[in-house]
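Colleague: Structure provided below as structure tokens; questions to follow.
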Amino acid sequence: MPAAERASASDQYRQERATCDRELRFTLAQLSESIADPVAKLRYLRRAMEAQHQERIVRHIPGASIRRAWYRRRGLAALEPGVGDSGSNVPDGTRRLSFRVSALAAAALVVPVLIVAGMAFGIGPKPRTESVEIAALATPPATASVPIETAPVQPAAYEAQTSGPIWLADRGAGWELFSNGLRIETTYAVRGDPRRYRIHNRITGLQPTMYTHPVGILFHTSESDLWPLEPDYGRKLRRSTAGLLKYVRADQLYNYLIDRFGRVYRVVDDDSRAHHAGHSVWARGDDVYLDLNSAFLGVSFESRWDGGRSLPITSAQLQAGRNLTDYLRQRFAIAPEMCVTHGLASVSPLNHRIGYHLDWARGFPFAALGLPDLYEEPTPSVVLFGFGYDERFLRDVGERWPGLIAAEQALAQTRGPARCH
């Protein structure tokens, strides 16, 4: 036959011959490894391939393991004497392989079938599902008033995942990584004035002890320009954050800043006071704190108070804020009721009014950060010192938070209503 005709016939053969399943190739390659004679191996592969291609329905069986078991059983049949060539052409080692593996192949076929049947009748292993914690992460909170671009995690589910000690897992030049996933960028960190403050007790007065470690966290908004969180503004977003960090570091405004991508920056180190609180008042029990710059860590979200509310923070900021809060609370043994917002604590001694700064005066996601809702607690500056507010405050805030109402009621029982003029 001329070469051209042979090539044409070969092409026609390749076109007409059905493709070989992946599972079939894998199974026959395994079975043929024990056949040392190359002639016998080639004869076996040809005979097995022809037998398998007569059963194309096997290709449509769901599950690769079931198809492989079927191919294995049928491939072993091609090793038996009397199939195709005479049994004398099959080596003894191959014949022993046939009998040895035949039972295993049959079992491999039966077991997947039983599993499929069991699942069809509702018996056997149950399908793998997400844990309660993971399912809860995808569930939005009951209230829709929290200003967050993506729904925050459920506090209970988060507690279950982050329980246990938080420790330094790794560190490098300009960063620290903690076991709860918190990563702190330290390239902007500076040392400021040391913390030194005293506590006022409502019964015994000013305490003589001088404290040097933080006892609370005060949350802020950066009041900086915000670009849209979109790909086209990526460079402007980065430049804006870099400029904000330089400004914050120069004036030592916060201990930590969380940018819109969820990156946490340490600006003023933990042992130093930052100039973040101004004139502020907070209390726990009979202990009253007036120097919150020294007594509290300042944590600011890159966001802004605007039109009576704080602009939304991103889900990345929320997650980072929770991780940072967990870490700081554990490191300094900070009580949850000592994690408050600037808008709840800020006062003006000149006119004896609250709300000199209003960042997070409403809308802070206390629950999502694993904290009690301090909007519900009586405002210490009102109930303890009789601070009031004016119409501008009501116009900016929109309405009084429940704790402010409770503080006014408590104050009215002893000294008359809070001043509003």
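Colleague: Tell me which residues, restricted to segment 332-345, are among the small types (Gly, Ala, Ser) and surrounded by fewer than 24 Cβ atoms within 10 Å (Cβ to Cβ).
Modeller: Kept after step one, since they are among the small types (Gly, Ala, Ser), are these residues of segment 332-345: 333, 335, 343, 345.
The answer is Ala333, Ala335.
Colleague: Output yes when any residue across segment 311-322 is under 29 Å from Tyr256 (Cβ atoms), touching a Ser or Thr at 6+ places or on another chain (Cβ under 9 Å) and assigned to a strand (DSSP E or B), and no when none is.
Modeller: yes
Colleague: Give the number of residues within segment 329-350 that are part of a loop (DSSP other than H, G, I, E, B) and in contact (Cβ under 8 Å) with a residue 12 or more places away in the chain. Show your work before the answer.
Modeller: Step one: of segment 329-350, the residues part of a loop (DSSP other than H, G, I, E, B) are 333-335, 349-350.
Pick out the ones that are also in contact (Cβ under 8 Å) with a residue 12 or more places away in the chain and you get 334-335, 349.
Qualifying residue count for the region: 3.
Colleague: Only one of these is part of a helix (DSSP H, G or I) and either modelled with pLDDT under 95 or within 25 Å of Gly181 (Cβ to Cβ) (or both): Tyr265, Tyr233. Name it. Give the steps one after another, and end with the answer.
Modeller: Numbers: Tyr265 fails: part of a helix (DSSP H, G or I).
The conditions single out Tyr233.
Colleague: Those residues that are over 23 Å from Arg362 (Cβ atoms) and either crowded, with 22+ Cβ neighbours inside 10 Å or not assigned by TED's automatic domain parsing to the domain that holds Ala320 (or both), I need them from segment 208-244; list them, please.
Modeller: Pro214, Val215, listed by residue number.
Colleague: Considering each of Asp359, Asp326, Asp373 in turn, give the residue that is under 25 Å from Val248 (Cα atoms), outside any helix (DSSP H, G or I) and not aromatic (Phe, Trp, Tyr). Outline the logic, then answer.
Modeller: Numbers: Asp326 fails: outside any helix (DSSP H, G or I); Asp373 fails: under 25 Å from Val248 (Cα atoms).
Of Asp359, Asp326, Asp373, the one residue that is under 25 Å from Val248 (Cα atoms), outside any helix (DSSP H, G or I) and not aromatic (Phe, Trp, Tyr) is Asp359.
Colleague: Right, next: Which of the residues spanning segment 185-206 are part of a loop (DSSP other than H, G, I, E, B) and either closer than 17 Å to Phe296 by Cβ or of a type in the set (Val, Ile, Thr) (or both)?
Modeller: Initially, segment 185-206 is screened for residues part of a loop (DSSP other than H, G, I, E, B), giving 186-189, 191-193, 195-196, 198-199, 202-204.
Across segment 185-206, the qualifying residues are Thr186, Thr187, Gly192, Asp193, Arg195, Arg196, Arg198, Ile199, Ile203, Thr204.
The values are calculated or read from the model by the stated rules, or taken from the named source; none is laboratory data. Everything numeric in this text was worked out from a predicted model, so none of it was measured. With ideal geometry, Cβ positions are generated from the backbone for all residues, glycine too; neighbour counts draw on all protein chains shown.
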